[in-house]
Amino acid sequence: MRLWLASRALHRMVFESAHDGPSTSTVTWRQDTRGYPERTYPIQILSVNPTSIRFRGKGKEKEPYEEAQVDIEDGDALESLEKASIALEASHLVAFPTETVYGLGANALNAEAASRIFRAKGRPTDNPLIVHISDLSMLQRLTPDDYKPSPVYSALIDSFWPGPMTLLLPVDEAKVPSVVRCGLKTLGVRMPSHPVARALIATSGFPLAAPSANASGRPSPTAAMHVYRDMTTSRNGETGKGRLPYIIDGGSCQVGVESTVIDGVTESEELRVLRPGGVGVEDIEMALKTRHLLQDAEGISLGEVVVRVYGKDLKRDTVEEANPTTPGMKYRHYSPDADVVLLVVEGSSTSSDSATPIQEAMKTYISQRSGAANRDMKHQLQIGVMSMDDSKLTASLFSHGTNKSQSYDLHRFSLGSQQSPKQAAQRLFEGLRALDGGQDGLNKCDIIFVEALRDEAGVGLAIMNRLQKAAESVIHVRL
Ligand code: TXA
Ligand code: MG
């Protein structure tokens with residue numbers, strides 16, 4: 001323990017000299033013309049191996065989550081997490097991996113720290129942040145002293161925490177700065193299951209406010225390099241402006257889409273899924289059903305709820321959507337520079353030329369788009385396709401080799417097998433970024449066609465929700 005404290009003090013000194021003073025008073029922020037701060041950092045990427053992290057304490061058999069202490073076996077991992085904690089304590093930002101996407105973290109109890117998140121992302125200041133905790137005991141630092149989760153919330157916490165689910169909770173306004181919750185009376189809270197995220201929170205000793213670590217409006221980051229690119233590139237494409245001292249690299253995110261955001265406080269008899277995400281609606285219903293908390297056909301009795309999904313069986317409300325309280329509605333999301341086109345292939349056909357309608361639909365879109373843009377013809381049009389390995393769309397476009405007569409180049413990014421929406425979720429943002437940015441050996445694409453999933457079960461609902469937001473156009477092709 002003494003050793004730990006000594007090393008912490010040493011890191012603090014090193015951090016302070018390397019970053020010319022971490023205290024809020026010594027850092028002056030000026031906005032550049034595009035709203036990003038002028039202050040720059042030499043970003044350091046800290047690799048932390050998740051397998052070296054263990055939790056012990058009270059909670060579920062396999063998962064101590066009520067009160068958890070962290071053990072970090074690997075000295076390098078411990079050192080990296082301590083460095084990051086010290087930066088966070090000094091009001092700086094640290095990006096870290098979660099099981100969903102990378103988060104851009106700040107001390108949630110410190111207004112100055114949290115406000116830096118908005119500047120670094122270029123995020124509108126009325127879009128509230130999710131707060132991350134490492135164990136249940138940390139909830140007390142956010143909610144009113146007498147707060148007790150409802151039976152429905154207790155069931156969800158027991159079933160899905162730690163994990164990709166965010167619950168809106170009543171907030172103690174004296175405990176959580178207004179900038180974090182954007183003046184709202186509810187706070188989105190989640191306990192991530194990624195060991196590195198939980199270890200960082202536990203080592204820091206305070207909850208972390210963290211939105212996805214992308215520049216506002218861009219696809220969420222599922223790898224440390226995505227964060228690095230977004231946090232060093234200004235909107236006009238200049239690089240070099242590092243907007244945080246550390247990015248913790250814990251590998252690629254396993255879930256790949258963000259957490260499911262749930263509002264169980266606005267209506268006592270309704271559990272509202274405001275944003276579909278890593279936990280599927282069917283799993284939520286099943287968890288409540290087994291505990292007799294889900295309303296059945298006979299109607300409601302005390303303590304039971306009905307699950308409603310916003311935009312699906314809960315009607316969209318344009319007044320509500322002008323408020324940022326409906327996640328992902330007010331602001332443009334997930335949008336690469338390229339046009340994203342959602343391709344919905346309907347029906348099935350056994351005839352061998354069933355592919356033709358897909359190619360025709362794409363060609364029509366491409367020629368309209370290049371005509372409308374009055375494109376200068378200096379470069380051959382680059383077309384990206386994100387599709388399932390075993391789908392008709394993939395077979396139709398890629399099984400016969402490249403067609404020399406076509407006036408564009410095709411680049412494919414695999415979304416995995418049609419049988420596994422989990423793979424598609426993991427690869428979704430990676431694919432949009434790779435095809436949009438011309439990374440990973442792919443050319444920078446002008447248009448990205450993305451194959452729609454055939455059904456929206458489980459994480460499929462979240463994938464389609466993100467694609468509908470990213471897409472400029474939707475093309476339906478009937479075979
Ligand atoms: O998986 C995730 O949730 C990731 C990782 C980093 O944890 N975080 C994330 O945060 O996706 P963000 O800020 O990119 O998206 C959170 C969404 C926003 O659309 C925000 O409007 C909504 O949740 N939100 C946060 N607090 C809210 C509140 N009190 N009421 C309604 N919506 C809220
Ligand atoms: Mg986000």
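The values are calculated or read from the model by the stated rules, or taken from the named source; none is laboratory data. In this text, all values refer to a predicted model and were calculated from it rather than measured experimentally. Please note: Cβ atoms are built from the backbone with ideal geometry, for glycine as well, and neighbour counts cover all protein chains shown.
Scan segment 223-234 and report the pairs whose first residue is under 15 Å from Pro336 (Cα atoms) and whose second residue is part of a helix (DSSP H, G or I) and of a type outside the set (Asp, Glu), with Cβ atoms within less than 9 Å and a gap of 6+ or a chain change.
His226/Phe429; His226/Arg433; Arg229/Arg433; Arg229/Gly437; Asp230/Lys121
Can you list residue pairs whose Cβ atoms sit under 7 Å apart, with the first residue in segment 447-466 being closer than 17 Å to Asp390 by Cβ and the second being polar (S, T, N, Q)? Count only pairs 6 or more apart in sequence or on different chains.
Correct list of pairs: Glu451/Ser387; Glu451/Ser391; Arg454/Gln418.
Tell me which residues, restricted to segment 247-262, are away from ligand 2 (no atom under 13 Å from the Cβ) and surrounded by fewer than 23 Cβ atoms within 10 Å (Cβ to Cβ).
Hits for segment 247-262 are Asp249, Gly251, Ser252, Gln254.
Which one is farthest from ligand 1 (Cβ to nearest atom), of the residues in segment 140-183 that are among the hydroxyl-bearing types (Ser, Thr, Tyr) and in a helix (DSSP H, G or I)? Steps first, answer last, please.
In the first step, residues of segment 140-183 are kept if they are among the hydroxyl-bearing types (Ser, Thr, Tyr); the result is 143, 147, 150, 153-154, 159, 166, 178.
Subset that is in a helix (DSSP H, G or I): 153-154, 159, 178.
Working: Tyr153: 15, Ser154: 20, Ser159: 17, Ser178: 12 Å.
The qualifying residue farthest from ligand 1 (Cβ to nearest atom) is Ser154.
For Pro128, work out the one condition from (1) over 23 Å from Glu173 (Cα atoms); (2) within 14 Å of ligand 1 (Cβ to nearest atom) it doesn't fulfil.
For Pro128, the failing item is (1).
Go through segment 82-108 and give me each residue that's assigned to a loop (DSSP other than H, G, I, E, B), within 16 Å of ligand 1 (Cβ to nearest atom), more than 16 Å from Ala215 (Cα to Cα) and aliphatic (A, V, I, L, M).
Matches in segment 82-108: Ala108 only.
Out of everything in segment 134-145 that is farther than 15 Å from Val265 by Cβ and out of contact with any Phe, Trp or Tyr (no Cβ under 9 Å at 6 or more places or on another chain), what residue ends up being surrounded by the most Cβ atoms within 10 Å (Cβ to Cβ)?
Step one: of segment 134-145, the residues farther than 15 Å from Val265 by Cβ are 134-138, 140-141, 145.
Subsequent filtering for residues that are out of contact with any Phe, Trp or Tyr (no Cβ under 9 Å at 6 or more places or on another chain) retains 137, 145.
Values: Ser137: 14, Asp145: 7.
Among those that are farther than 15 Å from Val265 by Cβ and out of contact with any Phe, Trp or Tyr (no Cβ under 9 Å at 6 or more places or on another chain), it is Ser137.
Restricting segment 28-65 to residues that are of a type in the set (Lys, Arg) and surrounded by 12 or more Cβ atoms within 10 Å (Cβ to Cβ), which is modelled with the lowest pLDDT? Walk me through it before giving the result.
Going through segment 28-65, the residues of a type in the set (Lys, Arg) turn out to be 30, 34, 39, 54, 56, 58, 60, 62.
Filter once more, keeping what is surrounded by 12 or more Cβ atoms within 10 Å (Cβ to Cβ): 39, 54, 58, 60.
Values: Arg39: 62, Arg54: 93, Lys58: 84, Lys60: 75.
Result: Arg39.
Looking at (1) in contact with a helix residue (DSSP H, G or I) (Cβ under 8 Å, 6 or more places away or on another chain); (2) away from ligand 2 (no atom under 13 Å from the Cβ), which is the only condition Arg218 fails?
(2)
Residues of segment 261-296 being basic (Lys, Arg) and assigned to a strand (DSSP E or B), which ones? Step through it out loud before you land on a result.
Taking segment 261-296 and keeping what is basic (Lys, Arg), we get 272, 275, 289, 291.
Arg272, Arg275, listed by residue number.
Looking only at segment 317-364, which residues are modelled with pLDDT of 65 or more and within 12 Å of ligand 1 (Cβ to nearest atom)?
Across segment 317-364, the qualifying residues are His333, Tyr334.
Could you count how many residues in segment 251-271 are under 19 Å from the mean Cα position of the chain (by Cα) and more than 18 Å from Ile463 (Cβ to Cβ)?
Going through segment 251-271 one residue at a time, the tally reaches 3.
Of everything in segment 184-208, what is part of a loop (DSSP other than H, G, I, E, B), farther than 16 Å from Gly250 by Cβ and either aliphatic (A, V, I, L, M) or more than 10 Å from ligand 1 (Cβ to nearest atom) (or both)? Give them in sequence order. Walk me through how you get there before you give the answer.
First, pick out the residues of segment 184-208 that are part of a loop (DSSP other than H, G, I, E, B): 184-185, 191-194, 205-207.
In the following step, the residues that additionally are farther than 16 Å from Gly250 by Cβ were identified as 184-185, 191, 205-207.
Listed by number, the residues that qualify are Leu184, Met191, Gly205, Phe206, Pro207.
Identify, by number, the condition in (1) more than 16 Å from ligand 2 (Cβ to nearest atom); (2) in a helix (DSSP H, G or I); (3) of a type outside the set (Gly, Ala, Ser) that Asp230 doesn't meet.
Failed condition: (1).
Answer yes if at least one residue in segment 279-294 is near ligand 1 (Cβ under 10 Å from one of its atoms) and not charged (D, E, K, R), and no otherwise. Don't jump to the end; show me each part of the working.
Narrowing segment 279-294 to residues near ligand 1 (Cβ under 10 Å from one of its atoms): none.
No, the conditions are met nowhere in segment 279-294.
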